[in-house]
Amino acid sequence: MLEMESRKLKILYGSQTGTSQEVAERFWRDSKRYYFQGPVLALDDYPVTQLIFETLIIFVCSTTGDGKEPDNMKKFWKFLLRKNLPLDSLKGLRFAVLGLGDSSYTKFNYAAKKLYRRLLQLGGVALLDVGLADDQHDLGPDAVIDKWSEQLWKTLGEIFPLPNGTEPLSENNLFSARWTIKILNTESENNDIEVSDIIWIQNCEKHTVSLEENTCLLTVKKNIRTTAESHFQMVPHRYFFKLLSHFTTNELEKEKLEEFVSVEGQQELFNYCNRPRRTILEVLADFPNAAANIPLNYLFELLRPIKPRAFSIASSPKKHEGELHLLVAVVKYKTKLFLPRLGLCSNWLASLNEHCSAPVWVKKGTFRFPSALDTPVIMVGPGTGVAPFRSFIQEKVALNQARADLLYLFFGCRNHDGDFHCRDEWLTLQENEKLTMFCAFSRDQENKVYVQHIMKEQAALLWSLFSSQQASFYLAGRSDNMPAAVKDVLINDVACSCGQLSSEEASQWLARLEACGRYQVETWS
């Protein structure tokens, strides 16, 4: 049996948008109930050369792009792939891996699966099977996380039992805040605190916003709406409600908040919070007693830093030298709540006037286009998913390599006159025989027509391009039903119907295309 002071546990995460970090921090809080000691860190912030000395680690990682690991996990993963690592180097390590992914991706939770297998290859001992949380589940990732977490702590309790007479701390315990708040100006009238009056400190060090090394300020040259004027289309996390339940003195509020954080109350929480996309301020308005009693040092547990947003570059420097174009869907939509829901970053970008500045950094995209000049390229980009293809097509035009028999674009939107992004540009390229374009306008007729439908109409052409000319296929857009529908057309209508392949052969054919880089997908939720 381990002594209390030797209960060491590290929790490491790879996170792109912050979700995996939130889950890792949840596990870190839960670990305190069982008297485990240790930090929660991003994988690339952990000194990886110390890994061979570790005995117990929980890994939480997401999958980005087409099966790629998150940016703050890349250095760790590169080290783990070293061929000179002995196959028994992690024989003293017990570990667990939880993956956060989206089943609309072909390589669902690929980073977590790869990490799990590699840790086993190096001699690590798994505490339980890899957890595969799915953002597409009706209740989101928590549907898997809750059950996996319950099994994790049960297993750890069996392997590392507490000393006799010691019980796990209650789930209702309020743990110390990570933030120390100091009021710098104590002369404010009526004890009102202004933003300029306080600083916030974590682990006794001033906390600063982390930016990438190559961050620079770009000046807005133009901010143009690409949809018609009439065209019309980040919420509290679960721990937010847990904290509020500690602060309210109202029994009705407490009962409701505790229901929201229970396993049984997840559907109720989804209906209240996620479905209508309720904001933090709206939740606080619904629970006024809790809102009035929030201690200052817990404020930053409730209000998290806004994460950077990634957008595909929609222009080529060869056509627009010194410029960088973005095609951004301004997130604004209606729910049963009175006020429209507004996306923070997209609406901020839309509000920028000419000559304003915006902090940005550039990273490599996930798409790898063919180097051979005579390879046909099939691009499927509904809505703002067309952005990376505009960049590629502009590059080919600038290099005088654009031909209608080599560049095929399938575009979809709601209305021809409403949200046909870059319409004049595409039509001009078609007229000049530099592009072949197929469009689906889903709301311009009684029956809804999407990109998969017009792909089905062009199944014979697509099979000819694949089979005779070794075409490469690229898909970008939202990770809802569209990617699966497009894949279904490729298998059933293109490969089976036109290529005369069996269902099994068609699936294998598409898998080979993916393996050699001729079928690439970049989607987002």
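For segment 1-132, the residue among Tyr35, Phe95, Ser15 whose Cα projects farthest onto the positive side of the dipole built from Cβ charges is Phe95.
Descending by average beta-carbon neighbour count within 10 Å, the peptides 510-520, 27-37, 423-433 line up as 27-37, 510-520, 423-433, the highest first. Taken about its Cα centre, the chain carries a charge dipole of about 1340 debye when Lys and Arg each add +1 at the Cβ and Asp and Glu each add -1 at the Cβ. Restricting the GluC sites (Glu not before Pro) of segment 247-333 to loop positions (DSSP other than H, G, I, E, B) with no more than 10 neighbouring Cβ atoms within 10 Å leaves Glu264, Glu321. The candidates Met73, Met234, arranged from most to least accessible area with a 1.4 Å probe in the full protein assembly, appear as Met234, Met73. The Cβ shell under 9 Å around Glu433 holds other residues with a net charge of 0, Lys and Arg each +1, Asp and Glu each -1. Where both partners of a DSSP beta bridge lie in the chain, what percent of those bridges are antiparallel, to the nearest 5? Counting DSSP beta bridges with both partners in the chain, the antiparallel share is about 25 percent. Computed on protein heavy atoms with a 1.4 Å probe, the accessible areas place Phe53, Phe441 in the order Phe53, Phe441, largest first.
For segment 455-512, the relative contact order comes to 38 percent (Cα pairs under 8 Å, sequence separation of at least 6). Quick check on segment 331-452: take the gyration tensor over C-alpha atoms, sort the square-rooted eigenvalues as a ≥ b ≥ c, and tell me if it's rounded (a/c under 1.5), prolate or oblate. Oblate is the answer for segment 331-452, as a/c is 1.5 or above yet b/c matches or exceeds a/b. Across segment 8-51, C-alpha contacts under 8 Å between residues 6 or more apart give a mean separation that, scaled by the residue count, equals a relative contact order of 51 percent.
Helices in the chain, meaning DSSP H runs of at least 4 residues, each add -39500 (n - 2.57). Divided by all residues, the mean residue ellipticity at 222 nm is -9000 deg cm²/dmol. The ellipsoid equivalent to the alpha-carbon distribution of the chain has semi-axes of 44, 31, 23 angstrom, derived from the gyration tensor eigenvalues as √(5λ) and listed largest first. Please name whichever of Asn353, Asn400, His416 sits farthest to the positive end of the charge dipole of segment 340-439, dipole taken about the Cα centre and charges placed at Cβ: Lys and Arg +1, Asp and Glu -1. Sorting the options by dipole projection puts first Asn353.
The mean sequence distance of close C-alpha pairs (under 8 Å, at least 6 residues apart), as a share of the length of segment 96-183, puts its relative contact order at 26 percent.
Counting Lys and Arg as +1 and Asp and Glu as -1 over every other residue whose Cβ lies under 15 Å from the Cβ of Val130, the net charge comes to +4.
Computed over segment 272-390, the range of Cα coordinates on each principal axis works out to 67, 31, 26 Å, biggest value leading.
In the full protein context, the chain carries 54 Å² of accessible surface per residue, based on a 1.4 Å probe and ignoring ligands, DNA and RNA.
Pairwise inverse Cα distances across segment 417-525, averaged and inverted, put the Kirkwood hydrodynamic radius at 15.3 Å. Element breakdown for the chain at a 1.4 angstrom probe: carbon and sulfur atoms account for 51% of the accessible area. By its C-alpha gyration tensor, with a ≥ b ≥ c as the square roots of the eigenvalues, how is segment 322-361 shaped: rounded for a/c under 1.5, else prolate for a/b larger than b/c, else oblate? Taking the square roots of the gyration eigenvalues as a ≥ b ≥ c, segment 322-361 is prolate. Put a dot 7 Å past the Cα of Asn297, heading toward its Cβ, do the same for Ala398, and the two dots end up 5.4 nm apart.
A protection proxy built from the mean count of other Cβ atoms within 10 Å ranks the segments 107-113, 126-132, 176-182, most packed first, as 107-113, 126-132, 176-182. With R₀ fixed at 60 Å, the C-beta to C-beta distance from His355 to Ser6 puts the FRET efficiency at about 0.50.
Exposure check, 1.4 Å probe, all protein chains in place: Ser525 carries approximately 90 Å² of accessible surface.
Measure out, as a whole number of angstrom, how far apart the alpha-carbon centroids of segment 340-357 and segment 93-165 sit. Distance between centres, Cα-based: 38 Å. Sorting Ile280, Ile58 on solvent-accessible area from highest to lowest, probe radius 1.4 Å, gives Ile280, Ile58. This model, with +1 at the C-beta of Lys and Arg and -1 at the C-beta of Asp and Glu, gives segment 68-124 a dipole about its Cα centre of some 220 debye.
Only protein heavy atoms count here; under a 1.4 Å probe, Glu167 has an accessible surface of about 130 Å². Taking a threshold of 20 Å on the Cα-Cα distance, which of the pairs Lys10/Lys91; Lys254/Lys307; Lys75/Lys114 fall above it? Exceeds cut-off: Lys254/Lys307.
The values are calculated or read from the model by the stated rules, or taken from the named source; none is laboratory data. These numbers were taken from a predicted model, which means no experiment stands behind them. Reconstructed Cβ throughout: ideal geometry from the backbone, glycine too, with neighbour counts over all protein chains shown. We work out accessible area using only protein heavy atoms, side chains counted, and drop any ligands, DNA or RNA first. Shrake-Rupley method; radii C 1.70, N 1.55, O 1.52, S 1.80 Å.
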